[in-house]
Structures are given as structure tokens and as C-alpha cells.
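Below: the structure, in C-alpha cells.
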Amino acid sequence: MNNSVSNTARLLGAGLRALLVLTVVTGVLYPLAVTGAAQALFRDQANGSPVEADGRVVGSSLIGQSYTLPPAPGQETPAPDPKWFQGRPADGLGENTLNTRYRLLLSGATNLAADNPELVERIRAAQTAVIEDNSVPGHTVERSDVPADAVTSSGSGLDPHISPAYAELQVPRVARNNGLPVEQVGKLVEEHTEGRTLGFLGEPRVNVLELNIALEELASGS
């Protein structure tokens, strides 16, 4: 009986020591080592690829965001701010991009088929809205000018990029609402157009957040 109790106590002691060692190794030392390596080698990625402006973090280069005005009295949703470049629709339903609201609690696109009548109707309505929102005196946007990413979302619905074609389409509106020459705003788009990854992967793109930060600097004269 005494030997049985002794063996049980020894096994329990060994189990507790193993638990303690493994807890320290896998629950403390390993996470610290991985975190340290990530901060040393991939600091930007490990911290969420933050984008800074005026010494503070204003967003991530990996996640799109909306640019809106404060809600008017009695208005439930904020109005879009036409002085900024706008990103892609957030929900894949073909909404007007000036009404884009990135819902960070919900990531995903519509499950409607490409030939679904509801989706087709919404995209055509979105095209019309994009034309109206971006047509300014002296410059009229045609339906054929509206690129696909202006009226459709990405797979996640949180894409931070737009195509150079969609950025260029917005240039006259943005320039007019900021009191800037069209040529200067167009040059900003050119400067912030990224090429294909490794020269052959993906498509040329423009990060909307980074473009708007540069726009704010240009508009403020800094």
C-alpha cells in the first residue's frame, strides 16, 4: 500500500514538473522568442502594417477605410466626403463607392452569381451613381469610363487598393473639391501607382489611404 501511494505521488510530481516546464517553454519562452524575431525581422508586418501621418497611426496599408462627413441632423449614416479619393464598395453589392462603409466586423463579398438580376441591377445603378458623383463642370464621366472595381468589392470587402483607372476617374472631382489643379492631383495618382508584384503578379494598384495622405499634404501646402 505504501509503495502504491509512493508511486502515485512520484508520478503526480513528475506530471506537475512536466506541466510547469512545458508551460514556461511553450507559453512564455517560445512566444517571447517568436515575438522578438518578428519585431526584429518583420516589424512593420508584425504590427499590422501601420500607416502614419503627422506622427500618428491613421490606419493600415492592408485594410481599406471610409472617408465620410459627420452625419447631418436626423441622418443615420454619415455622408461621403467628395474631397477624398474613395475605395471600392465594401459589401460587393455594387453600391455607389461614395457610400462605401468598410464594416470591419464583417469580411466577405456577395454570394450572388455574376448574372443574378439583383446584382446586375445594383451594379448598373452604381455605375450611374459613379458617373453623377464624379462628373464636374467641364468633365463628364461616361459609362464606359467606369472600371469594374468602382462598382464591385474584393473577395474580403476590405481591399485598401483601387485600380489606377478608378483613381484617375476621381481626379477631377477631388481636384475641384480641394481647389487644386487637376494636373497636380493626377500626378499624385501616378506617383502612388504600384506596379505588379515581382513585375508579373497581380495588377497595378493604388493604395487609397496613402494617396489621401499625400493629397492632404498637397492641399495643406506642407
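How far is helix 30-41 tilted, in degrees, relative to the longest principal axis of the Cα atoms in the chain, given as a value from 0 to 90 rounded to the nearest 10?
40 degrees
Anyone know which of V28, V206, V57 comes out most mobile in the 10 Å Cα GNM of the chain?
It is V28.
Over the heavy atoms of H161, what accessible area does a 1.4 Å probe trace out, to the nearest 10 Å²?
Roughly 40 Å² of H161 is accessible to a 1.4 Å probe.
Stretched out fully, how many nm does the piece from N177 to N111 gain, at 0.36 nm a residue minus the Cα gap?
Working it through step by step, the gained length comes to 20.2 nm.
Using a 10 angstrom cutoff on alpha carbons, build the Gaussian network for the chain and name the most mobile of A46, A33, A165.
A33
Using only the Cα atoms of segment 132-222, build the gyration tensor, take square roots of its eigenvalues as a ≥ b ≥ c, and label the shape rounded, prolate or oblate: rounded if a/c is under 1.5, else prolate if a/b is larger than b/c, else oblate.
oblate
Springs between alpha-carbon pairs under 10 angstrom, Gaussian network model over the chain: which of P117, P89, P31 fluctuates most?
Per the Cα network of the chain with a 10 Å cutoff, P31 tops the list.
Rounded, prolate or oblate: which fits segment 119-184, taking a ≥ b ≥ c as square roots of the Cα gyration tensor eigenvalues, rounded meaning a/c under 1.5, else prolate when a/b beats b/c?
Oblate.
Using unit Cβ charges (K, R positive; D, E negative) and no other charged atoms, how large, in debye to the nearest 20, is the dipole of the chain about its Cα centre?
Result for the chain is approximately 1120 debye, rounded to the nearest 20.
Could you please put D149, D44, D54 in sequence from largest to smallest accessible area, using a 1.4 Å probe?
D54, D44, D149
Kindly express, to the nearest 10 degrees and within the range 0 to 90, the angle between helix 2-24's C-alpha long axis and the longest C-alpha principal axis of the chain.
Taking the Cα atoms of the chain, the angle to 2-24 is about 30 degrees.
What distance in nm separates the simple spin-label points at A165 and R10, each placed 7 Å from Cα in the Cβ direction?
Here the answer is 7.7 nm between the modelled labels.
Output the 0 to 90 degree angle, nearest 10, between the alpha-carbon long axis of helix 117-134 and the longest principal axis computed from the alpha carbons of the chain.
60 degrees
The values are calculated or read from the model by the stated rules, or taken from the named source; none is laboratory data. From a predicted model like this one, the values you see are computed outputs, not experimental measurements. Glycine also receives a Cβ, built like all others from the backbone with ideal geometry; neighbour counts cover every protein chain displayed. Surface areas here come from the heavy atoms of the whole protein model, side chains and all, with no ligands, DNA or RNA. Shrake-Rupley method; radii C 1.70, N 1.55, O 1.52, S 1.80 Å.
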